[in-house]
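The next block holds one structure in the form of structure tokens; read it before the comments.
Every number here is computed from the coordinates shown, using simple stated rules; none is lab data. Note that the structure is predicted; figures quoted are calculated from it, not measured. Using ideal geometry, Cβ is built from the backbone for each residue, glycine included, and neighbour counts are taken over all protein chains shown.
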Amino acid sequence: MHRNKGPACAGVTIVELLVVIAVIGLLVALILPAVQAAREASRRMSCSNNIKQTVLGLHHYHDSYRSLPSGWIGVTNDGRSPLATGHPGWGWLAMTLPYIEQEVAVDSKIDFHHSITSSENDEARRLSLLLFLCPSDVSPSPFFRLPAEDAPAQLVAELPVANYVGVFGTGEIDECEDIPTGKVCLGNGVFFHHSETRFGDIRDGTSNTIMIGERASRRGFSTWMGAVPEGAEAIARILGIADHPPNAVGGHLDDFSSEHPGGVNFGFADGSVSILTDEIDRYVYQAMATRSGGEYHPTIR
């Protein structure tokens, strides 16, 4: 008499296990890019909000002084003559701090009467502000070491990193280094040496003119403080130009760039923020970087 032994003991064969692993791998491959894309979209929005707050701060500054802050302040040691590479070097972002809810930093840490590199501003140079950092940026540290212009092995200062720079225009920033004492280095953008740009001076239209753009750390470090006297590429650390399209291959420190796929966030003079794609027409892009060039172009949104 045969006994019923019941169903065979269930088990998983190697083939079945491999199939399960393959299915899980496929699901991960499908889901992971979507998760990464969602995270980047969130970071890009946060970056856009940072620029928005800064642009609004510039509008508040303009309401108070009837002009935008100077791109940077540079004079001779005696303070009597303009000098593009001179002291104290403070830039437009530093001057905007009281208008973006950073009054405490200004009152307790910054002495605008002394140079950025002076001992009076030791604490200010250790001030890293999240508002000026793009979450997508790959900077390994919130600070960077700035070498001397003519002596790369010599340290001028350690400065806080920033990912947002003002628009100098379309001319070469490094030419400011050769401007003689007593002369101001002019740009055709919103910010330049001792600039006092008013919204009324932006004759190309505030909705067509960019004031602020992103700068990725992979191109070189920028800062919110200013153009540090005797520092390497000091002016380009706070201002950028539309020499090349955004994220251009082979671009330089003074170009605009980002870690966002396909484009760079910009703040416009009308207070809006938009991402300009890497494929933007070069003529249109450069026209947007001038304040009163007279170029006609449609607003890009």
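Relative contact order, percent, of the range 238-301 when contacts are C-alpha pairs under 8 Å separated by at least 6 residues?
With pairs under 8 Å counted, the relative contact order is 27 percent.
Can you give the direction-averaged projected area of the convex hull of the alpha-carbon atoms in the range 43-119, in nm²?
6.4
Please find the FRET efficiency linking Ser292 to Ser42, where r is the Cβ-Cβ separation and R0 is fixed at 35 Å, and quote it to the nearest 0.05.
0.40
What residues have an amide H closer than 5 Å to that of Gly231, excluding those fewer than 5 places away on the same chain, when H is modeled at 1.01 Å from N in the peptide plane?
Answer set, sorted by chain and number: Glu149.
Take every Cα-Cα pair in the range 26-157 and report what % of them are more than 21 Å apart.
Cα-Cα pairs of the range 26-157 separated by over 21 Å account for 57 percent.
Show that you can apply the helix-only estimate: for the chain, add -39,500 (n - 2.57) for every DSSP H stretch of four or more residues, divide by all residues, and state [θ] at 222 nm to the nearest 500.
-8000 deg cm²/dmol
Quote the FRET efficiency, to the nearest 0.05, computed for Ala248 versus Glu172 with a Förster distance R0 of 22 Å and r equal to the Cβ-Cβ distance.
0.90
Tell me, what HN-Hα J-couplings in whole Hz come from the Karplus equation 6.51 cos²θ - 1.76 cosθ + 1.60 at θ = phi - 60° for each residue of the range 208-215, using x for Gly and Pro?
Rounded to whole hertz, the list is 10, 10, 8, 10, 9, x, 7, 9.
Arg282 to Leu17: extension gain in nm, 0.36 nm per residue of separation minus the Cα-Cα distance?
Result: 89.9 nm gained on full extension.
For helix 14-65, report the angle its Cα long axis makes with the longest principal axis of the Cα atoms of the chain; keep it between 0 and 90° and round to the nearest 10°.
In the chain, helix 14-65 runs at an angle near 20 degrees to the longest axis.
Once the Cβ-Cβ distance between Gln53 and Asp78 is put in as r, and R0 is 22 Å, what FRET efficiency do you end up with, to the nearest 0.05?
0.05
Looking at the square roots a ≥ b ≥ c of the eigenvalues of the Cα gyration tensor of the range 84-178, which shape do they give, rounded for a/c under 1.5, prolate if a/b is larger than b/c, or oblate?
It is rounded, given that a/c, with a ≥ b ≥ c, falls under 1.5.
Could you pull out the GluC sites (Glu not before Pro) across the range 64-135 that fall in loop regions by DSSP (anything but H, G, I, E, B) with no more than 15 other Cβ atoms inside 10 Å?
Glu101, Glu123
Against the globular-protein guess of 2.2 N^0.38 Å, express the Cα radius of gyration of the chain as a ratio, rounded to two decimals.
Normalised Rg, Cα atoms only: 1.30.
Sort the following peptides by mean Cβ neighbour count (other Cβ atoms within 10 Å, averaged over residues), highest first: 190-196, 57-63, 24-30, 245-251.
Peptide ranking by packing, descending: 190-196, 57-63, 245-251, 24-30.
Highest mean first, how do 69-76, 132-139, 105-112 rank when packing is the count of other Cβ atoms within 10 Å averaged over residues?
69-76, 132-139, 105-112
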